[in-house]
Structure formats: C-alpha cells, structure tokens
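Engineer: One structure follows; several queries about it will come next.
The values are calculated or read from the model by the stated rules, or taken from the named source; none is laboratory data. Keep in mind that what you see is a predicted model, and the values were worked out from it rather than measured. Because the Cβ atoms are built from the backbone with ideal geometry, glycine has one as well, and the counts that use them run over all protein chains shown. Just so you know, the surface numbers come from the protein's heavy atoms only, side chains and all, with ligands and any DNA or RNA stripped out. Shrake-Rupley method; radii C 1.70, N 1.55, O 1.52, S 1.80 Å.
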Amino acid sequence: MIILGIDTSCDDTSVSIVENGNNVLASLLSSQTDIHKKYCGVVPELAARSHLEMILYLIDEAMTSTKLTLSQIDSVAVTNRPGLIGSLLVGVCAAKGLAYSLNLPIVPIEHIAAHIYSVHLTNTVEFPYIALVVSGGHTIIAHVENHADYKVIGTTLDDAVGEAYDKIAKHLNLGYPGGPVIDKLALSGENGSIEYPVIMLEKENVYNFSYSGLKTAAVYQTEKYIKKGRSPTNENISLAFQKSAIEPLYQKTLAYSKESGINRVTVSGGVAANTYLRKKFSESKYFECYLPEKKYTTDNAAMVAGLAYHIFERDKTYDYGFECTSRILQKYKH
Ligand code: KG4
Ligand code: ZN
C-alpha cells in the first residue's frame, strides 16, 4: 500500500511517500529556518504562509522523484493535531483536496503518535514500550500500547526541552534553532568544569518536567562563576547546560521503566538528534533504547505516512469530516 503523507504542524513543510509502513520512497522537507531565525522562534503567521507557498510544489516533487503516477497512490495521510492551527490547516486542506479529487481514503494523524512511530521506520520494537518525545513543542513520557494508542505519563509543566535549548542559544547569540549548535559546541566542552542545577520535580510531578527556569538558572550560575574569576567558554556552558537538560529526561524515563516493568524505551522528536542524549540513553544498563535515524527525529512526513499504513490497515474506514486542533490529548486512541 502506497501512502502520500503531509506534515505542516509547525515550521517545516514535509511531504513523503511510504510503502507498507516503512519503505520510504520519498521524504521531502522545505525548512523555514531562514524565515524564523531572525525572530529566534517560529512566527505562526509566517509559517502558515510559507506552507501555502511550498505544499503543492513538494507534492509535485515527491511524485516526480519517485516516478509514480497519482493513480498509484492508495491513500493520503496528514497531521491534523496538535500544532499551530494556521499551519495545520494548510496541510489538511491540501490533503483533503488531493484525496477527494482522486477519490482516495484519507487518514488524519496525531503528531505525537507520528513522532513515536518514527522509530519504527528503521527499527522493530515490541509493544508495550515507553516513548519519550522531546521536541521544540513537547516533552512527553508516554506508555505505548500499540501504534494507535498511548497514554501520557508525564509532560512539561511549562517549556519544552527543545525550547530551553533554543533559549540558551539565543542568550549566547548562537542563532536558531539552538539545539544543533549547543550539541556541537558541547562536544568540545570540558567535563565537570562548570555545573548547572538539574531540575527534578517530586510527588505528583514525579514524571513531569519543568524547563522554563533552566536558562535563567544557567545565566545566574555563569555570572557567579565569572564573579569568582572564571570565564566559562560557550563550549563548557553548552556541555553543562545539556547535562542539566538531559538528566531529568533520563532519570524520569528510568523511574517509569522500573515502576512499569517495561524495559523498552524509544526516544523521538527533534532533541532525539542530540549526541549526548543518544549516547546516554543507548548506554543505559537498565533498558533497551531504540532511536529513529537522525533524519527522522525532526518533523517529517515519512512518520505520518508510515503510521497511517497501520491505522488504515486496522480501521479500513475513513471520513473527510475531521478538523484540526492545536491541543494534545492526555490519552490518545485513534
Ligand atoms: O521535532 P522538531 O523538529 O519540531 C517540533 O515538533 O517542535 O524539534 C525541534 C527542536 C528545536 O527546539 C531544536 O533546537 C531541537 O529540536 N533540536 C535539538 C537538536 N536538533 C534539533 N536539540 C538538541 N540537540 C540537537 N542536536
Ligand atoms: Zn514535531
């Protein structure tokens, strides 16, 4: 079954064609980084307009690059939640128009479920498992029962971990998005030269996260080091920062693994590209860690078309009447 997938949930326009859930025939992405970088964050109105300019071009390009004809497409899949509402609408309207004109089934896809699925594009993971989703918009520990059913165990009370990376990079004038540049600088950082607090929450928030204070804590702590006559380099700041950012992700995932008795863990979303995170989770003695290929960590439509295959195979029904929503549900069941 060949599915054309579309994701326009945030600031990347992506179109993909995937056969039978994991044979990726095309995965195209038009990045909007150049548009948003001068604001050090995504401007929703500009994102939606740029999706509108790119979407048809990318669909065309996907068809041309695979040498497929539209009659060979069996279904269309599209992200319809959660995300920036103006951005989602562009993808959903394009997908509905395409599917309706070709009389094809259409599958609406939840973006978090798609990030979780991205691991399956290149791995076989048995259910149930624990999924950690870490991106610019989300920091979630989920208990995954099957491709279309997960429960949120923990989430952020304020900022997402990727947002914290973007904020510290902005503070250091390192550009946007911050994650990749902090990741790279940290590789040359000196272990233990400086330290920032690790923000762990307790009691009812034992599986939740808080990242809104980490940048400020790092800034004050750096000032203290400077007052004591030390001058931390960007490399050392980056290494200390990401140790503090990743530690709660690891500790809380581990704690839920112990509580649930599930020792399979996946990590996905933009921050799952991080070198330090990938090493820390892969080297865990307590659970087996599965990671997506780096190209499938950030937003992409291959994960959308891949997941849609399993949902369509199971449900065999479809309906053009679905809408877009910006929110995430606590318990997801397709
Ligand atoms: O999944 P994604 O592309 O978009 C959302 O759904 O949010 O994630 C983007 C986030 C940004 O905050 C970016 O700074 C972060 O992922 N990111 C990274 C790395 N690459 C991207 N964070 C840490 N290390 C990286 N290598
Ligand atoms: Zn995403």
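Engineer: Could you please let me know if Leu4 is of a type outside the set (S, T, N, Q), open to solvent by 70 Å² or more (accessible area, probe 1.4 Å) and in a strand (DSSP E or B)?
Structural biologist: Criteria not met by Leu4.
Engineer: Can I ask one more? What's the number of the condition Lys37 fails, among (1) within 12 Å of ligand 1 (Cβ to nearest atom); (2) open to solvent by less than 20 Å² (accessible area, probe 1.4 Å); (3) assigned to a helix (DSSP H, G or I)?
Structural biologist: With (1) within 12 Å of ligand 1 (Cβ to nearest atom); (2) open to solvent by less than 20 Å² (accessible area, probe 1.4 Å); (3) assigned to a helix (DSSP H, G or I) applied to Lys37, the lone miss is (2).
Engineer: Where residues in segment 228-263 are surrounded by fewer than 14 Cβ atoms within 10 Å (Cβ to Cβ) and part of a loop (DSSP other than H, G, I, E, B), which of them is modelled with the highest pLDDT?
Structural biologist: Looking at residues that are surrounded by fewer than 14 Cβ atoms within 10 Å (Cβ to Cβ) and part of a loop (DSSP other than H, G, I, E, B), I get Gly261.
Engineer: Please tell me if Asp149 is more than 15 Å from ligand 1 (Cβ to nearest atom), at pLDDT below 95 and open to solvent by 10 Å² or more (accessible area, probe 1.4 Å).
Structural biologist: Yes.
Engineer: Which residue is surrounded by the fewest Cβ atoms within 10 Å (Cβ to Cβ), if the candidates are limited to segment 93-115 and must be over 17 Å from Phe312 (Cα atoms) and within 16 Å of ligand 2 (Cβ to nearest atom)?
Structural biologist: Per the stated criteria, the residue is Ile112.
Engineer: With the requirement that a residue be away from ligand 1 (no atom under 13 Å from the Cβ), in contact with a Pro (Cβ under 6 Å, 6 or more places away or on another chain) and not in a helix (DSSP H, G or I), what does segment 76-119 give you?
Structural biologist: Of everything in segment 76-119, just one residue is away from ligand 1 (no atom under 13 Å from the Cβ), in contact with a Pro (Cβ under 6 Å, 6 or more places away or on another chain) and not in a helix (DSSP H, G or I), namely Asn80.
Engineer: Being out of contact with any strand residue (DSSP E or B) (no Cβ under 7 Å at 6 or more places or on another chain) and buried (at least 20 other Cβ atoms within 10 Å of the Cβ): is that true of Leu84 here? Spell out the reasoning first.
Structural biologist: Numbers: out of contact with any strand residue (DSSP E or B) (no Cβ under 7 Å at 6 or more places or on another chain): yes; buried (at least 20 other Cβ atoms within 10 Å of the Cβ): yes.
For Leu84, the condition - out of contact with any strand residue (DSSP E or B) (no Cβ under 7 Å at 6 or more places or on another chain) and buried (at least 20 other Cβ atoms within 10 Å of the Cβ) - is met.
Engineer: Do we find that Leu187 is open to solvent by 20 Å² or more (accessible area, probe 1.4 Å), in contact with a helix residue (DSSP H, G or I) (Cβ under 8 Å, 6 or more places away or on another chain), farther than 21 Å from His334 by Cα and touching a residue at least 12 places away in the same chain (Cβ under 8 Å) in this structure? Break it down stepwise before answering.
Structural biologist: On the way: open to solvent by 20 Å² or more (accessible area, probe 1.4 Å): yes; in contact with a helix residue (DSSP H, G or I) (Cβ under 8 Å, 6 or more places away or on another chain): yes; farther than 21 Å from His334 by Cα: yes; touching a residue at least 12 places away in the same chain (Cβ under 8 Å): yes.
Spelling it out, Leu187 is indeed open to solvent by 20 Å² or more (accessible area, probe 1.4 Å), in contact with a helix residue (DSSP H, G or I) (Cβ under 8 Å, 6 or more places away or on another chain), farther than 21 Å from His334 by Cα and touching a residue at least 12 places away in the same chain (Cβ under 8 Å).
Engineer: Quick one: is Lys285 free of Cβ contacts under 8 Å to residues at least 40 places away in the same chain, assigned to a helix (DSSP H, G or I) and more than 16 Å from Gly5 (Cβ to Cβ)? Before the answer, list the steps.
Structural biologist: On the way: free of Cβ contacts under 8 Å to residues at least 40 places away in the same chain: yes; assigned to a helix (DSSP H, G or I): no; more than 16 Å from Gly5 (Cβ to Cβ): yes.
It is false that Lys285 is free of Cβ contacts under 8 Å to residues at least 40 places away in the same chain, assigned to a helix (DSSP H, G or I) and more than 16 Å from Gly5 (Cβ to Cβ).
Engineer: Continuing with this model, one more query. Have a look at Glu204, Glu163, Glu195 and point out the one that is among the charged types (D, E, K, R), open to solvent by 30 Å² or more (accessible area, probe 1.4 Å) and outside any helix (DSSP H, G or I).
Structural biologist: Glu195 is the lone residue from the list that is among the charged types (D, E, K, R), open to solvent by 30 Å² or more (accessible area, probe 1.4 Å) and outside any helix (DSSP H, G or I).
Engineer: When only residues in segment 303-334 that are among the acidic types (Asp, Glu) and either modelled with pLDDT under 90 or outside any loop (DSSP other than H, G, I, E, B) (or both) count, which is least open to solvent (accessible area, probe 1.4 Å)?
Structural biologist: Among them, the one singled out is Asp315.
Engineer: Sticking with this one: Taking segment 176-185, which residues are over 16 Å from Thr298 (Cβ atoms) and either at pLDDT below 95 or within 9 Å of ligand 1 (Cβ to nearest atom) (or both)?
Structural biologist: none
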